[in-house]
Amino acid sequence: MIVRISSNTIDTNCYLIGEGEKSVIVDPACAERIAGELAARGWEPEYIFLTHEHFDHIWDLEEIRDRYRIPVVACSLCSERIQSVSTNLSNIRDVLVYFKTGEIPEEEGKRFTCREAEITFEDTYHMRWRGHAFDFQRLPGHSPGSVIISMDGEAIFTGDYLILGEEEMTRLKGGSEEEYETIARPVLESIPEGRHIYPGHGRDYVK
């Protein structure tokens, strides 16, 4: 079962993947809502997966990893870049919120960093969890640390790629139009029809 939690000012999606009494957390952005959903469903989290390094996808990473004492899986560049306010973009959080919503945040956003991930990889990574196969593939363009995560070849967690109604964003610090066009776009376009897309913002859908 996959549960979507849409949270924080710019509606970032966190996903809980449940199997039996265990779960995986993708992009922890709202600790209290995550904890509430886990408790309500009787799920014990075992891993955190990150789709990329931007602040809205790691907002409560440290609180969640400490609360449940579980490891983080991320590509090496994502792991490196969550450790800096400049590359996780928390230093310009308020500007990005205004750009996204057209509203000035009522409270000034906090700058923060996170510790490195416990499990890292360069470009691809495969792991099995509770009978499911997960394949991670780094796709730079939106950010150097962006990845997509395939679950059993059917459910694809795409981070800030393939968001319905939005063009791919490559203008943020570390983004690259060239890398998007040459590396990420061909892979994204090759995802077969019928796959369930779980993006970092907006609703999930079947391609």
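The values are calculated or read from the model by the stated rules, or taken from the named source; none is laboratory data. In this text, all values refer to a predicted model and were calculated from it rather than measured experimentally. We place every Cβ from the backbone using ideal geometry, glycine too, and count neighbours over all the protein chains shown. All accessible areas refer to the heavy atoms of the entire protein, side chains included, with ligands and DNA or RNA removed. Shrake-Rupley method; radii C 1.70, N 1.55, O 1.52, S 1.80 Å.
Distance distribution P(r), the range 1-72, all Cα-Cα pairs, bin width 10 angstrom from 0: 22, 62, 16, 0 percent.
Derived scalar couplings between HN and Hα for the range 143-155 equal 7, x, x, 6, 9, 10, 10, 9, 10, 6, x, 10, 9 Hz in order, rounded to whole Hz, by the Karplus curve 6.51 cos²θ - 1.76 cosθ + 1.60 (θ = phi - 60°), x for Gly and Pro. Using alpha-carbon positions, what is the distance between the centroids of the range 4-39 and the range 155-203, in Å? Rounded to whole Å, the Cα centres lie 21 Å apart. Can you find, among Val187, Ala29, Ile10, the residue farthest towards the positive end of the dipole of the chain? Put +1 on the C-beta of Lys and Arg, -1 on that of Asp and Glu. Positive-most Cα among the choices belongs to Ala29.
Can you show me the helix-derived [θ] at 222 nm for the chain, built from DSSP H runs with n ≥ 4 at -39,500 (n - 2.57) apiece and divided by the number of residues, rounded to the nearest 500. Numbers along the way, then the final one.
Numbers: 5 runs with 39 residues, N = 207.
Computed ellipticity for the chain at 222 nm equals -5000 deg cm²/dmol.
Charge tally around Thr124: other residues with Cβ under 12 Å, Lys/Arg +1 each, Asp/Glu -1 each, net -2.
So what are the chain's ellipsoid semi-axes, whole angstrom, largest first, if each one is the square root of 5 times an eigenvalue of the alpha-carbon gyration tensor?
Taking √(5λ) for each Cα gyration eigenvalue gives 23, 21, 17 Å.
Taking Cα pairs under 8 Å and at least six residues apart, what relative contact order does the chain come out at, in percent?
Values: 435 pairs, mean separation 33.3, N = 207.
It comes to 16 percent, rounded to a whole number.
The GNM of the chain, with springs linking C-alpha atoms under 10 angstrom apart, assigns the highest mean-square fluctuation among Ser190, Ser86, Ser143 to Ser190. Per residue, the range 118-207 exposes 50 Å² of accessible surface when a 1.4 Å probe is rolled over the protein heavy atoms with every protein chain present.
How long are the semi-axes of the equivalent ellipsoid of the range 103-203, defined as square roots of 5 times the Cα gyration tensor eigenvalues? Whole Å, largest first. If you can, show how the numbers build up before the last one.
Numbers: eigenvalues 114, 69, 48 Å².
Semi-axis lengths for the range 103-203 are 24, 19, 16 Å.
Taking the Cα centre of the chain as reference, the dipole from Cβ charges on Lys and Arg (+1) and Asp and Glu (-1) amounts to some 340 debye.
Placing unit charges on each Cβ (+1 for Lys and Arg, -1 for Asp and Glu) gives the chain a dipole about its Cα centre, and among Gly200, Ser176, Phe134 the Cα reaching farthest toward its positive end belongs to Phe134. Our Cα-only numbers for the range 41-93 put the radius of gyration and Dmax at 11.8, 37 Å.
Each other residue within a Cβ distance under 11 Å of Gly153 adds +1 if Lys or Arg and -1 if Asp or Glu, for a net charge of -2.
Computed 3J(HN,Hα) for the range 70-85, one whole-Hz value per residue from the Karplus formula 6.51 cos²θ - 1.76 cosθ + 1.60 where θ = phi - 60°, is 10, x, 9, 10, 7, 5, 4, 5, 4, 4, 5, 7, 6, 8, 9, 5, glycine and proline marked x.
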